[in-house]
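A.B. asks: Here it is, the structure, as structure tokens.
The values are calculated or read from the model by the stated rules, or taken from the named source; none is laboratory data. Computed from a predicted model, the values in this text were never measured in an experiment. All Cβ positions, glycine included, derive from the backbone under ideal geometry; neighbour counts span all protein chains shown. Surface accessibility is based on the protein's heavy atoms, side chains included, excluding ligands, DNA and RNA. Shrake-Rupley method; radii C 1.70, N 1.55, O 1.52, S 1.80 Å.
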Amino acid sequence: MENKIEMENTEEKLERPRIIVVTGMSGSGKTQACRCLEDLGYFCVDNLPPVFIPKFVELCSHASSHVTKVVFVVDTRSREFFDKLVSILEDMDKKNLEYEMLFMDASDDAIIRRYKETRRRHPMAPSSRISDGVAKERSRLESVRGKATYLIDTSNMSKAELRDKIKLLFGKTEGSTMNISVLSFGFKYGMPLDADIVLDVRFLPNPFYIESLKHKSGSVAAVAEYIAEKPVTQEFLKRLDNLVEFLVPQYVKEGKSQLVIAVGCTGGMHRSVFIAKHIFELISNNGYTVNLEHRDLMKNDVWEV
């Protein structure tokens, strides 16, 4: 009896993650929906046999787990295992394991058209017509569809519209979900491959040729003052501020999951560091969450950072 009470108390202490079960018609956009959910911070498990869902939820609920949002994509690809989905969900209901189900759907015409465009075989009709597979799958999903918390019909929906719908249903309500990174780098070490915007600031005055500033980074006050006091820098910063303050909200509105602004000079020590720090402070002061990284700074002969 004591062991039973102890187990119940332990279960109460476990923090249950938010569980989303994604299912629906093949060709309706489940893969795209899963990508959107990943961008929102969900841990996504694709094509999981339903019988493993309760065990996976238990693992995520342990104190040592940092998974607080999990998505299970379960569909007819799991073949005979899929038929157990309804009974598994009913067992979860009895055990008060809360979950939400997203059912992805589309018209037969839309699904057939998409399969013809991708030239893939339908999982329910690998050796016959696509229309036969669609009919079989729709019949098989009928009982599952009735348990859906949310239903999205993508027949006439673009990828951008689907992303906005997913964000509305499962995204954060506070602030922007876009990750912004500002990166300084040196062109002589190569351009960053993941940059969305690259600014070449090698036209600005170079402290490298001033002996007292040569071994100090662009974050040092004396170096920053040397660069900032020049008329060309002042004019550039005015134009840069207007550009950044215009672009960032547009990227947020467009739905980008991350934005990398890379600022490059010759060695990535003086001018790029100064400008990257300026952009970082500007974006941060406008209320966005932003990271700052100086990729190549320590590859130089730096005496003062």
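A.B. asks: Would you mind classifying segment 13-100 by shape? Square roots of the alpha carbon gyration tensor eigenvalues, ordered a ≥ b ≥ c; an a/c under 1.5 is rounded, otherwise it is prolate if a/b is larger than b/c and oblate if not.
C.D. replies: It comes out oblate by the Cα gyration axes.
A.B. asks: Now, a different point. Using the structure shown, select from K116/K159; K136/K167; K30/K55; K95/K147; K69/K253; K116/K136 the pairs with a Cα to Cα distance greater than 27 angstrom.
C.D. replies: K136/K167
A.B. asks: Taking GluC sites (Glu not before Pro) that fall in a DSSP loop and have at most 12 other Cβ atoms within 10 Å as cut points, what is the longest piece of the chain between them?
C.D. replies: So the longest stretch without any such site is 16-97.
A.B. asks: Would you kindly find the accessible area of K256, with a 1.4 Å probe and non-protein molecules such as ligands, DNA and RNA excluded, rounding to the nearest 10 Å²?
C.D. replies: It works out to around 50 Å².
A.B. asks: Another question, if that's okay. Once a ≥ b ≥ c are taken as the square roots of the eigenvalues of the Cα gyration tensor of segment 232-271, is the result rounded (a/c under 1.5), prolate (a/b larger than b/c) or oblate (a/b not larger than b/c)?
C.D. replies: oblate
A.B. asks: Roughly what % of DSSP beta bridges within the chain run antiparallel, to the nearest 5?
C.D. replies: Around 5 percent of the beta bridges assigned by DSSP in the chain are antiparallel ones.
A.B. asks: What do you get for trypsin sites (Lys or Arg not before Pro) in segment 69-128 restricted to DSSP loop and a cutoff of at most 14 other Cβ within 10 Å of the site's Cβ?
C.D. replies: Here the trypsin sites (Lys or Arg not before Pro) that fit, given the DSSP loop and packing criteria, are K95, R119, R120, R121.
A.B. asks: Another one. What's the longest uninterrupted piece of the chain once you rule out the chymotrypsin sites (Phe, Trp or Tyr not before Pro) that are loop residues per DSSP with at most 14 other Cβ within 10 Å?
C.D. replies: So the longest stretch without any such site is 1-202.
A.B. asks: Would you please classify the overall shape of the chain from the alpha carbon gyration tensor, given that a ≥ b ≥ c denote the square roots of the eigenvalues, rounded means a/c under 1.5, and beyond that prolate means a/b larger than b/c while oblate covers the rest?
C.D. replies: Because a/c hits 1.5 or more and a/b exceeds b/c, the chain counts as prolate.
A.B. asks: If I compute solvent accessible area with a 1.4 Å probe over the protein chains, what percent of it on segment 25-118 is carbon and sulfur?
C.D. replies: That share works out to 51 percent.
A.B. asks: In sequence order, what are the phi-derived ³J(HN,Hα) couplings for segment 42-48 according to the Karplus relation 6.51 cos²θ - 1.76 cosθ + 1.60 with θ = phi - 60°, rounded to whole Hz, with x for glycine and proline?
C.D. replies: Calculated HN-Hα couplings, in order: 7, 8, 9, 10, 9, 6, 8 Hz.
A.B. asks: While we're on this one: What is the distance, in nm, between label points placed 7 Å from the Cα along the Cα-to-Cβ direction at W303 and at S127?
C.D. replies: It works out to 7.9 nm between the two label points.
A.B. asks: Here's something else I'd like to know. Compute the distance in nm between two label points, each set 7 Å from the Cα along the Cα-to-Cβ direction, one at A222 and one at E245.
C.D. replies: 3.3 nm
A.B. asks: Another one. Show me the helices of the chain, taken as full DSSP H stretches, that run 20 Å or more along their long axis by Cα and average 0.0 or above in Kyte-Doolittle hydropathy.
C.D. replies: Helices meeting the span and hydropathy rule in the chain are 271-285.
A.B. asks: Using Cα pairs closer than 8 Å and at least 6 residues apart in sequence, work out the relative contact order for the chain, in percent.
C.D. replies: 19 percent
A.B. asks: May I pose another question? Would you list which lysines come within 30 Å of K188, measuring only between C-alpha atoms, while excluding same-chain residues fewer than 8 positions from it?
C.D. replies: Result set, ordered by chain and number: K214, K216, K230, K238, K256, K277, K299.
A.B. asks: Which order do you get for I111, I210, I130 if you rank them by accessible area with a 1.4 Å probe, largest at the top?
C.D. replies: I210, I130, I111
A.B. asks: Counting only helical runs of four or more DSSP H residues, what would the 222 nm mean residue ellipticity of the chain come to if each run contributes -39,500 (n - 2.57) and the total is spread over all its residues?
C.D. replies: Helix-only estimate at 222 nm: -12500 deg cm²/dmol.
A.B. asks: Next question. Counting only protein chains, not ligands or nucleic acids, how are M298, M191 ordered by accessible area (probe 1.4 Å), most first?
C.D. replies: Descending accessible area places them as M298, M191.
A.B. asks: Calculate the dipole size of segment 150-305 relative to its Cα centre from +1 charges on Lys and Arg beta carbons and -1 charges on Asp and Glu beta carbons; express the result in debye to the nearest 20.
C.D. replies: Around 200 debye, computed over segment 150-305.
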